[in-house]
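Asks: After the structure tokens below, expect a handful of questions from me.
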Amino acid sequence: MIKKNLTGLLIFAVVFLAAYAEDLTNTKANSSGKAAETRARHLRGSITPERAWWDLQHYNLSIEFFPGKKTLKGSNIISFKTISAGKTMQIDLQKPLSITKIIHKNKELQFKTEGNVNWVYFEKELTAGTSCSIEVFYEGTPTASKNPPWSGGISWLRDDLGEHFIATTCQGIGASIFWPNKDHGYDEPDRGVDINVTVPGHLVAVSNGRLKNKSTNIEAGTCTYHWQVVNPINNYCVNVNIGNYVHFSEEYKGEAGLLTVDYWVLKHQLEIAKKHFVEVPRTLEAFEYWFGPYPFYEDGYKLVSVPYSGMEHQSSVTYGNWFRNGYRGKDESHTGIGFTFDFIIVHESGHEWFGNNITSKDSADLWIHESFINYSESLFVEYHFSEKEAQDYAIGTRKNIRNKKPIIAPYNQNREGSGDMYPKGGNMLHTIRHIINDKEKFRAILRGLNKTFRHQTVTTAQVENYISEQSGIDFSKVFDQYLRNTKIPNFKYKVEGKKLVYHFEDVIKDFTMLIRIKINSKEMKITPTDAVQTLLFDEVIKSVEVNRNFYINAGQIK
């Protein structure tokens, strides 16, 4: 009896220990996996010490595309100036692409790959104030985009006539998905980028900036297109488009002089493009009125046909909206007003001001790009049509708001916040405008932002503080409520004869915000808080109407 019990205990102990060991192994594996993911996010999304000691000056990127193999090969000369002394540099390139060698002063440098990061080791420490460069050689099969522009990578597609139609997209995932660089939004190349694209000779490669030259290699059967950007540019805006392109152009008489406007479309799209792209000059006209001069006269403006909906690539706006108004057959405002203009041309061109001229340092603050440009659609409508239609458009987009998570995401992790940064952020700006209640002051703020932060990367604090300072109104709690919280202020009220009793619900601590209401058709402004307030009127209150331009909920206290 005792022996059998001992045997059972031994069997139980063996099984328990084995299970414990397996669980411990799985825990360590899961912990290790989570730690690796956390480290990868940190390396991608933060200003690491290996990034902080050097300031990016210029890229000279050369890429050859091999459409038949869906591979590429190239190099990037990265010019920089040291801010402080340093010896180890972080260069980003996403797998399955790989760096083959790195050259500095005609000598090959040692480097170590950790995931999508490459640690580059200089032979000796570079002192502060040194101007220098390295050339990074790389090759491989890049990630193919499954759903451009929302997923990054290369789109190896064919056009309607069966010819190669290739495009790059990389917002969010990062430019290092197809070329090696310093892949963080805080640092842009001060002197721009040269982009040299080699393709099969019968194809055309279109990129950012101006086409400087085209050279043909008859023996190899290839053609190289050299494009040049002289202004600072964010990494994700660098793009390459390859296809059976033809070109036409015009000049736009803008605030800062003559602006070169180039169009690159597929050969069979030429006639419809010439008719439809009249939308471009009137878009530039509206935005120069609201935001100030187009920010990149030196690099020109370009609209390029692509096989996806479109993107805001600086001086190379990409277009795939089927040459029709709306957004691929839809109206984002649900009012019909969205069908009075081409959404992609207006929205993506607007990013030349907010997104490309003014760029968020951290992707968590992408609202600086998308909220202003969501509202730019309404500003376009106001400029070309009417203020009422513009208001209808802005208010109509509220149907697209979900309020599931905040607009601003965690910092230093390469994370974007909620998609509400589009319609909710736009309606926040619409609300701020109507709190200011002065069109010219609001317009001056928009133009002032583009002048003050011209060609700069910024934080949300800089933008928020600028708006508060220039308006003379403290909007800090308004920004906190709409950007960092998911609840919408709920204006609750009840009528007691000549008395209106009211307060805000669903608001953050110490929240207060001016709104406008009509009592018996007479407009007045009030500033509710979460505390109950009372307003005495000189006659019996028969009607209460909240101004629709304030993005709040409203209802009577039951």
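The values are calculated or read from the model by the stated rules, or taken from the named source; none is laboratory data. Nothing here was measured: the structure is a model prediction, and the numbers come from that model. Using ideal geometry, Cβ is built from the backbone for each residue, glycine included, and neighbour counts are taken over all protein chains shown.
Asks: As an exercise: evaluate residue 402 against (1) crowded, with 23+ Cβ neighbours inside 10 Å; (2) farther than 30 Å from residue 523 by Cβ and give the number of the one condition it does not meet.
Replies: Condition (1) is where residue 402 drops out.
Asks: I'm trying to understand the selection: among the residues of the stretch 372-395, which are touching a Pro at 6+ places or on another chain (Cβ under 9 Å) and in contact (Cβ under 8 Å) with a residue 60 or more places away in the chain? Give the steps one after another, and end with the answer.
Replies: So in the stretch 372-395, the residues touching a Pro at 6+ places or on another chain (Cβ under 9 Å) come out as 374, 394.
Matches in the stretch 372-395: 394 only.
Asks: Where in the stretch 75-149 are the strands (runs of 3 or more DSSP E), entirely inside, with at least 1 residues that are on the phi > 0 side of the Ramachandran plot? Walk me through it before giving the result.
Replies: Numbers: elements: 86-92, 98-104, 110-114, 117-126, 131-140.
Hits in the stretch 75-149: 131-140.
Asks: Here are the criteria: (1) over 30 Å from residue 158 (Cβ atoms); (2) under 24 Å from the mean Cα position of the chain (by Cα). Tell me which single one residue 85 does not satisfy.
Replies: Condition (2) is where residue 85 drops out.
Asks: If I go through the stretch 32-50 residue by residue, how many of them are hydrophobic (A, V, I, L, M, F, W, C) and either under 19 Å from residue 172 (Cβ atoms) or in contact with a His (Cβ under 8 Å, 6 or more places away or on another chain) (or both)? Reasoning before the result, please.
Replies: Step one: of the stretch 32-50, the residues hydrophobic (A, V, I, L, M, F, W, C) are 35-36, 40, 43, 47.
Now narrow it down to the ones that are either under 19 Å from residue 172 (Cβ atoms) or in contact with a His (Cβ under 8 Å, 6 or more places away or on another chain) (or both): 40, 43, 47.
Number of matching residues: 3.
Asks: Taking the condition charged (D, E, K, R) and more than 20 Å from the chain's Cα centre (by Cα), does residue 331 pass? It would help to see each step written out before you state the result.
Replies: Working: charged (D, E, K, R): yes; more than 20 Å from the chain's Cα centre (by Cα): yes.
Yes.
Asks: For residue 205, all conditions in the list (1) part of a strand (DSSP E or B); (2) of a type in the set (A, V, I, L, M); (3) over 22 Å from residue 309 (Cβ atoms) hold save one; what is the number of the exception?
Replies: Going through (1) part of a strand (DSSP E or B); (2) of a type in the set (A, V, I, L, M); (3) over 22 Å from residue 309 (Cβ atoms) one by one, residue 205 breaks only (3).
Asks: Please specify each residue of the stretch 433-490 satisfying the condition of being buried (at least 17 other Cβ atoms within 10 Å of the Cβ), hydrophobic (A, V, I, L, M, F, W, C) and outside any helix (DSSP H, G or I).
Replies: The answer is 453, 458, 475, 488.
Asks: Given the conditions (1) surrounded by 23 or more Cβ atoms within 10 Å (Cβ to Cβ); (2) under 23 Å from residue 455 (Cα atoms); (3) outside the structural domain of residue 72 (by TED's automatic domain parsing), report the number of the one that residue 256 does not fulfil.
Replies: (1)
Asks: Condition check: in contact (Cβ under 8 Å) with a residue 12 or more places away in the chain and touching a Pro at 6+ places or on another chain (Cβ under 8 Å). Does residue 475 satisfy that? Spell out how you get there, then give the answer.
Replies: Details: in contact (Cβ under 8 Å) with a residue 12 or more places away in the chain: yes; touching a Pro at 6+ places or on another chain (Cβ under 8 Å): no.
So residue 475 fails the test.
Asks: For a quick check of your reading of the model, give me the residue pairs whose first member lies in the stretch 531-558 and is closer than 30 Å to residue 393 by Cα, whose second is basic (Lys, Arg) and surrounded by 12 or more Cβ atoms within 10 Å (Cβ to Cβ), with beta-carbon atoms closer than 6 Å and at least 6 apart or on different chains.
Replies: Listed pairs, sorted by first residue: 545/518; 547/516; 556/494; 557/492; 557/494.
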